[in-house]
Amino acid sequence: MRNDLTIYDTYADQWWSDDIRWVRTLKNLVPGRLKHFDRLIDWQGKDVLDLGCAGGFMAEAMAKRGANVTGIDPAADAIDAARRHATAEGLRIGYDTGMGESLPYGDDSFDAVVCVDVLEHVTDLNKVLAEVARTLRPGGLFLFDTINRNPLARLATITIAEDILRLLPRGTHDPGMFIKPRELRAAMGAAGLVPGRFTGLGPRGINRRFDLTFGALPLTAVLYMGHAQKPPAA
């Protein structure tokens with residue numbers, strides 16, 4: 001089975017334990033993403049949606065930067081784990097169960113929508129981006145990362161990361177759902193968003209547990225991240 005999203009509920013109780021290598025990999029991606037996103041937005045006081053938040057790694061990191069964070073994900077058990085951990089950390093984060101194709105929020109609700117490790121999993125990319133544009137305030141930012149679609153990306157993320165190194169559970173991704181940057185730019189434009197610069201995201205080192213650490217890279221051939229903006233009000 002490919003694009004197996006049941007893993008986020010299956011491992012929900014261990015999401016914050018650091019006992020599972022692939023979960024640690026997801027956590028280790030957060031600092032590299034934030035280092036890039038921090039250049040684009042001052043989080044303090046901003047209303048931010050973490051779209052596809054899973055157990056809350058990005059949501060908590062943004063909340064600690066002063067953002068007013070709401071997280072949403074279809075994995076109900078992962079949402080429960082995120083709620084419990086935020087409460088234990090004394091963080092005020094609102095968590096909802098739901099899908100990106102039909103967000104339960106009003107128009108112009110957020111200053112930013114963050115969507116990491118998600119776009120390559122959704123059933124309808126155009127609907128998700130339309131919902132992002134609808135719920136963003138004029139001038140708001142869409143911050144994302146996703147996976148390119150080409151033989152190198154398939155080799156790196158499926159053959160190596162899933163099948164050999166087990167950095168992710170086997171079946172996590174369907175390579176047919178990966179998204180070429182030009183396709184994403186076109187879909188953003190169709191949704192009324194103005195794409196900004198895209199950059200690569202990938203391994204930059206190894207930590208004390210011999211887990212990979214991540215950061216920005218010049219090449220977008222495998223993982224890439226970037227932003228788009230909802231045009232400011234006239």
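Quick check on N3: is it crowded, with 17+ Cβ neighbours inside 10 Å and either out of contact with any Pro (no Cβ under 7 Å at 6 or more places or on another chain) or assigned to a loop (DSSP other than H, G, I, E, B) (or both)?
no
I need a count of the residues in region 84-112 that are farther than 23 Å from D42 by Cα, touching a residue at least 24 places away in the same chain (Cβ under 8 Å) and not in a loop (DSSP other than H, G, I, E, B).
3
So, T157, is that one part of a helix (DSSP H, G or I), of a type in the set (V, I, T) and touching a strand residue (DSSP E or B) at 6+ places or on another chain (Cβ under 7 Å) or not?
The answer is yes for T157.
Output the residues belonging to region 195-234 that are of a type in the set (A, V, I, L, M, F, W, C), buried (at least 17 other Cβ atoms within 10 Å of the Cβ) and not in a loop (DSSP other than H, G, I, E, B).
F198, L201, L212, F214, L217, L223, M225, A228
Scan (1) touching a Ser or Thr at 6+ places or on another chain (Cβ under 8 Å); (2) charged (D, E, K, R); (3) under 16 Å from L141 (Cα atoms) for the single condition D4 breaks and write down its number.
(3)
Would you check which residues across region 151-194 are of a type in the set (D, E, K, R), touching a residue at least 40 places away in the same chain (Cβ under 8 Å) and surrounded by 14 or more Cβ atoms within 10 Å (Cβ to Cβ) and list them?
Listed by number, the list holds a single entry, D174.
Values in this text are rule-based calculations from the coordinates and carry no lab data. Note that the coordinates shown come from a computational prediction; the quantities given were computed from them, not determined experimentally. Backbone-built Cβ (ideal geometry, glycine too); neighbour counts: all protein chains shown.
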